Protein chains: 2
Amino acid sequence: MAAPLRIGIAGYGNLGRGVAAAVRKAPDMELAGIFTRRSPDQITPPAPGVPVLPWDQLLEHRDRIDVLMLCGGSKADLPEHGPALAAHFTTVDSFDTHAKISEYFAAVDAPARAGGNTAIISVGWDPGMFSVNRLLGEALLPDGATYTFWGKGLSQGHSDAVRGVPGVAGGVQYTVPSAEAIEAVRSGRRPELSTRQKHTREVYAVLEDGADDAAVERAIVTMPHYFAEYDTTVHFISAEELTRDHGAMPHGGFVIRSGSTGSGSSQVVEYRLDLGSNPEFTASVLVAYARAAARLNAQGDVGAKTVFDVPPGLLSPKPADQLRAELL
Amino acid sequence: MAAPLRIGIAGYGNLGRGVAAAVRKAPDMELAGIFTRRSPDQITPPAPGVPVLPWDQLLEHRDRIDVLMLCGGSKADLPEHGPALAAHFTTVDSFDTHAKISEYFAAVDAPARAGGNTAIISVGWDPGMFSVNRLLGEALLPDGATYTFWGKGLSQGHSDAVRGVPGVAGGVQYTVPSAEAIEAVRSGRRPELSTRQKHTREVYAVLEDGADDAAVERAIVTMPHYFAEYDTTVHFISAEELTRDHGAMPHGGFVIRSGSTGSGSSQVVEYRLDLGSNPEFTASVLVAYARAAARLNAQGDVGAKTVFDVPPGLLSPKPADQLRAELL
């Protein structure tokens, strides 16, 4: 048995806690430490003996960490942490600003190569497993169309937008894929679908005292970019209902490739996620890719990587001959 | 633009014809030749100008073929062709006798290495894409259970078994997954399912003149290994109905991983295929892996490989930066 893979966590919000939980389910890993920009004594370790340390001690622990999991946000944290930490550590992150991935890849690649490290960026389910399935769909069925549906799930960005509306004391937003649209895609007919036909949006909002419900509803459903292009339903609920019924973070969705082959045969490939906890699943994906990052680095394969560059076998703790015998 | 990848086809049955059709849909490939053990003049080329050649001229064409697709059967052909041809060509095959894959891998690996070739074995959907999804399922959700369902689809082996029953003039067998079992698995409850609970079998058979329908039905439904462990329905039809209604080769199925993460959240991942033509889809997968075989070989990565060893990005004709920009 090889020595366990030592995992460090940089940033301890929902994703970092999910990573800590996923590492404990991995037979070949151990938690080397959690690094936080908050005061470490405010944080309860996920298990006895796991050190919680201040962020500025990261570099001192370089020799005690095989893979560092970057668990900050994509907007403000990762653009800074990714390049800075890939210079010193083999890393995995969940950078998810789709439009800026190429730029982020380049920013991480140079310091990772210079430091002899491997940095797998944009890991999770979208980007991540959904991206792999979009790629496989068009590679296997070049004559076809790809459809991505999200939900039913809690959208953080849209929930933030709801909470920013004057008169709203709290709220959440669920993205709901259209069952009719999914059935049309599954049929192999390759429908053209508008944004409005693919998803609806459901809002659960708590009003501030004295707020005008009609005005709040109108402000939400007409908000450009977030809600105006969709059919949006707003439900007003109490603060107690919000806490009691809307605390979980479910999500998921579908990637469907509908194509045809030689004789005109219809071929439909569907990948579907039904997630009870979005951050815990994302964290589980990150932890599997940490195994791959360490193995790629051991092979001398340094620099920035994405899920497209990782052979599936490197994600499993089982050796290649066992995988062939058991799973092929 | 690089020179097109030159594909050879060794064996021209259903799978070989599917490969020829899939190569014509690939923007970066051309058909270098079809090699057959039949008389070449009995075969209509898939397109004008594609040479159809006798099997014993294969080695003479070594320098005109980048990847050779081995399209023979797993029982008698591939155990001989795989090792013999991997000594001389970079190859892709669909060896699908699950219990003998480890042995076949070793038999192909040595000659491929000696010849400086790359041989991707056991490509298709099961083994193949289903195998990848079984691996991903347990790597991402180590606390969980994996379920594979096949169908609704035409099973070649079970159809052969039906046709071997005395009194049967012709027939086909469909494997049908249980909708109830699939729903139970999707729910996240991780049910224990017996063989009988997961699939049923439907037989459409044509009787020989004077055959006893009750005796034939009994011989089918009690056949050990093939039908005895299942609920099997036998429909007797005419030879005309068999030809008219049962000539297609649909198949497909589901790989579902049901797991839980940290806080006990249920997480369900499902991969589903709904295939109008089983051999054409299998051929499409082989053709995408031919691209990967050529690229691995160009990197000096020789020997036997499986789908577990291939990074998804190598399957696409698009360069890595375009994949990151468009699909991640």
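The values are calculated or read from the model by the stated rules, or taken from the named source; none is laboratory data. Since this is a predicted model, take the numbers as computed values, not measurements. Here Cβ is always computed from backbone atoms with ideal geometry, including for glycine, and neighbour counts include all displayed protein chains. Heavy atoms of the whole protein, side chains included, go into the accessibility calculation; ligands, DNA and RNA do not. Shrake-Rupley method; radii C 1.70, N 1.55, O 1.52, S 1.80 Å.
Pairs linking a residue in the range B:241-265 that is free of Cβ contacts under 8 Å to residues at least 12 places away in the same chain and closer than 24 Å to B:GLU183 by Cα to a residue that is in a loop (DSSP other than H, G, I, E, B) and open to solvent by less than 40 Å² (accessible area, probe 1.4 Å), with Cβ atoms under 6 Å and 6 or more positions apart or on different chains, are B:SER265/A:GLY276; B:SER265/A:SER277. Scanning for something touching a Leu at 6+ places or on another chain (Cβ under 8 Å) and open to solvent by less than 10 Å² (accessible area, probe 1.4 Å), does the range A:316-323 turn up at least one residue? The answer is yes; a qualifying residue exists. The condition of being of a type in the set (A, V, I, L, M, F, W, C) and assigned to a loop (DSSP other than H, G, I, E, B) does not hold for A:VAL132.
The set of residues from the range B:150-171 being touching a Ser or Thr at 6+ places or on another chain (Cβ under 8 Å) and either open to solvent by less than 10 Å² (accessible area, probe 1.4 Å) or not hydrophobic (A, V, I, L, M, F, W, C) (or both) comprises B:GLY151, B:LYS152, B:GLY153, B:SER155, B:HIS158, B:GLY171. Evaluation of A:VAL123 against the conditions (1) surrounded by 23 or more Cβ atoms within 10 Å (Cβ to Cβ); (2) within 30 Å of B:PRO27 (Cα to Cα); (3) without any contact (Cβ under 8 Å) to a residue 40 or more places away in the chain shows that the sole unmet condition is (3). Determine whether B:ARG17 is under 17 Å from B:LEU286 (Cβ atoms), within 19 Å of the chain's Cα centre (by Cα) and among the charged types (D, E, K, R). Yes: the conditions hold for B:ARG17. Where helices (runs of 4 or more DSSP H) fall entirely within the range B:210-328, those with at least 2 residues that are more than 9 Å from every other protein chain (Cβ to nearest Cβ), at pLDDT 95 or above and closer than 30 Å to A:ALA106 by Cβ are at B:278-298.
Residue count for the range A:134-144 under the criterion of being open to solvent by less than 20 Å² (accessible area, probe 1.4 Å) and more than 7 Å from every other protein chain (Cβ to nearest Cβ): the result is 1. Put simply, of A:ALA184, A:ALA119, A:ALA110 the only residue that is in contact with a Lys or Arg (Cβ under 8 Å, 6 or more places away or on another chain), more than 10 Å from chain B (Cβ to nearest Cβ) and either at pLDDT 95 or above or in a loop (DSSP other than H, G, I, E, B) (or both) is A:ALA119. Give the number of residues within the range A:40-59 that are at pLDDT below 95 and of a type in the set (S, T, N, Q). Number of matching residues: 2.
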